[in-house]
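Notes to accompany the following structure.
The values are calculated or read from the model by the stated rules, or taken from the named source; none is laboratory data. Note that the coordinates shown come from a computational prediction; the quantities given were computed from them, not determined experimentally. Cβ sites come from the backbone with ideal geometry, for glycine too, and all protein chains shown count toward neighbours.
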Amino acid sequence: MVVLPPIVKERDRLYTGDMDIEQRIEGYMLPPLSDEFLYQVIFCMEDQANEYCVDLKDGVVTEVEFVADRREIEPQRFLDLPPWYPSDGFRTMEKFVSTLRNPLYRERLRQVLQSGKGVFRQFKDVLHEQPTLERLWFYYKDREIRRRIFHWYERHDEAFRLARLGEEVPDDGSSELVREDFTITDEIDSYRDDVAQLKELAIRRVMELEIPTARHMAVKLREAWREHPDDAHVVALSLEGEFAGFIRYHIQDPEQVAVIRCFAVSEEYQGLGVFRYLFDSLCSRLSLQGVRDVVIPLAGDALKIERMFDAIGPSDVTHTISVSVPRWTETFSHESSKDFA
């Protein structure tokens with residue numbers, strides 16, 4: 001952790017506000033933000049035992065205690081690193097948990113954050129249970145720290161600020177993490193029991209919904225999950241070989257249109273990008289076969305993935321409604337009786 005001494009705010013004011021251009025140019029400039037320098041700053045910010053600063057003349061990061069005497073003589077030569085307190089780490093954990101779509105781990109991590117005792121250790125222990133989630137956390141935390149460093153750089157380096165023009169830290173790379181933690185296969189025989197369990201779980205959850213269309217949705221689900229001889233599959237497996245999710249589809253001839261019959265991701269792996277990886281893999285295979293269109297049925301929880309396709313402007317194909325028989329007969333019973341008289 002970097003603990004800023006009381007004089008830092010005054011020194012920062014002198015460096016960024018009251019220092020004239022000639023003083024800035026006299027060798028006291030931040031070094032280029034290379035990957036090596038960036039990694040070094042991140043490491044020092046996370047070091048909870050020591051305080052660090054940048055020697056602007058030599059362009060190196062050094063511990064504050066080693067340059068205490070020189071700082072008294074040349075205070076403008078040294079710049080403290082941006083702070084990263086335990087409270088910053090805690091807030092970053094809260095923000096990360098709020099982004100999770102996996103209900104199991106989201107709730108467990110929220111309980112850890114509210115426990116008030118050994119929070120950081122408990123948080124790490126839960127993440128360690130799911131390697132992909134742990135990798136996403138490291139990526140998320142690294143991105144937050146980099147954002148802090150970039151803003152710090154902008155405050156103290158005019159050229160860097162002008163070059164960035166207010167851009168945020170790029171938000172890329174997280175989608176690639178899942179590719180390193182999962183494999184794709186088209187073999188389904190070994191995982192039919194897993195698929196059957198997901199089907200029953202999906203139907204049970206639909207039936208538990210207190211909505212008029214629950215039974216209709218359950219019927220549609222059973223129809224959609226019925227396997228046909230011409231069906232093919234893409235299956236996602238963890239590196240340990242555990243079943244993570246699947247897409248079942250068939251190619252409609254002669255139109256050469258792929259129709260997804262059903263899909264699901266195991267609860268443990270939801271919200272980690274597994275479906276996106278499955279769909280990417282499916283599209284790669286379809287492209288090699290000359291298939292240009294995919295039809296995706298959406299209902300119930302599956303409606304949430306529709307946003308994934310917004311950027312490419314998907315076309316509506318069908319629209320389904322569910323009608324309540326009791327409500328219909330109660331509303332129009334008198335008219336219906338005349339028709340059958």
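Return yes or no: is Met45 under 26 Å from Tyr140 (Cβ atoms) and in contact with a Pro (Cβ under 7 Å, 6 or more places away or on another chain)? It is true that Met45 is under 26 Å from Tyr140 (Cβ atoms) and in contact with a Pro (Cβ under 7 Å, 6 or more places away or on another chain). Selection of region 123-152 for residues being within 27 Å of Pro82 (Cβ to Cβ) and more than 19 Å from the chain's Cα centre (by Cα) yields Arg148, Ile149, Phe150, His151, Trp152. Residues that are modelled with pLDDT of 90 or more and outside any strand (DSSP E or B) within region 242-265 comprise just one, Glu242. Restricting region 212-240 to residues that are in a loop (DSSP other than H, G, I, E, B) and either modelled with pLDDT under 90 or of a type in the set (Phe, Trp, Tyr) (or both) leaves a set whose member that is farthest from Leu278 (Cα to Cα) is Pro212.
In region 299-314, the residue that is surrounded by the most Cβ atoms within 10 Å (Cβ to Cβ) out of those that are at pLDDT 75 or above and in a loop (DSSP other than H, G, I, E, B) is Pro314. Filtering region 25-34 for residues that are among the small types (Gly, Ala, Ser) and within 17 Å of Ile145 (Cβ to Cβ) leaves a non-empty set.
Evaluate the following for Arg192: is it of a type in the set (Lys, Arg), farther than 30 Å from Pro131 by Cβ, modelled with pLDDT of 85 or more and out of contact with any helix residue (DSSP H, G or I) (no Cβ under 7 Å at 6 or more places or on another chain)? No.
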